[in-house]
Amino acid sequence: MRARTVGTPGGAKLRALRESARRPQLWVEAEAGLGTGYLQRLESGRVAQPERATLERILTALEARYSERREVLELFGYTV
């Protein structure tokens, strides 16, 4: 049995935003121009430090508000 990967705070916030927007991972990946499976790895913590531009594309696909964008970027160590 495989242990569940503990995600990062930023990954958990992205997952919460995606779920509240009712968007599947594949849809967000397509909208943001990401490879298949990337968002799952990011949400689960296997990608600990995504590039800022990648986060911006994901947040745009999710139509995140400014406050949500700021929070996610700060959780990944970026300043707004």
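The rows are residues; the columns are (1) at pLDDT 95 or above; (2) of a type in the set (D, E, K, R).
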position: ALA3; (1), (2): no, no
position: GLY7; (1), (2): no, no
position: ARG18; (1), (2): yes, yes
position: ALA21; (1), (2): yes, no
position: VAL28; (1), (2): yes, no
* Asked: Using beta carbons and a limit of 9 Å, which pairs, at least six apart or on different chains, have the first residue in region 57-68 and over 9 Å from VAL28 (Cβ atoms) and the second one of a type in the set (Gly, Ala, Ser) and open to solvent by less than 20 Å² (accessible area, probe 1.4 Å)?
  -> ARG57/ALA32; LEU59/ALA32; THR60/ALA32
* Structure fact -> GLU68 vs (1) within 10 Å of the chain's Cα centre (by Cα); (2) surrounded by 17 or more Cβ atoms within 10 Å (Cβ to Cβ); (3) not polar (S, T, N, Q): all pass except (1)
* Is it true that ARG23 is in contact (Cβ under 8 Å) with a residue 12 or more places away in the chain, open to solvent by 80 Å² or more (accessible area, probe 1.4 Å) and at negative phi? -> yes
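The values are calculated or read from the model by the stated rules, or taken from the named source; none is laboratory data. Because the structure is a prediction, the values reported are computed rather than measured. Please note: Cβ atoms are built from the backbone with ideal geometry, for glycine as well, and neighbour counts cover all protein chains shown. Side chains included, ligands, DNA and RNA excluded: accessible areas come from the protein's heavy atoms. Shrake-Rupley method; radii C 1.70, N 1.55, O 1.52, S 1.80 Å.
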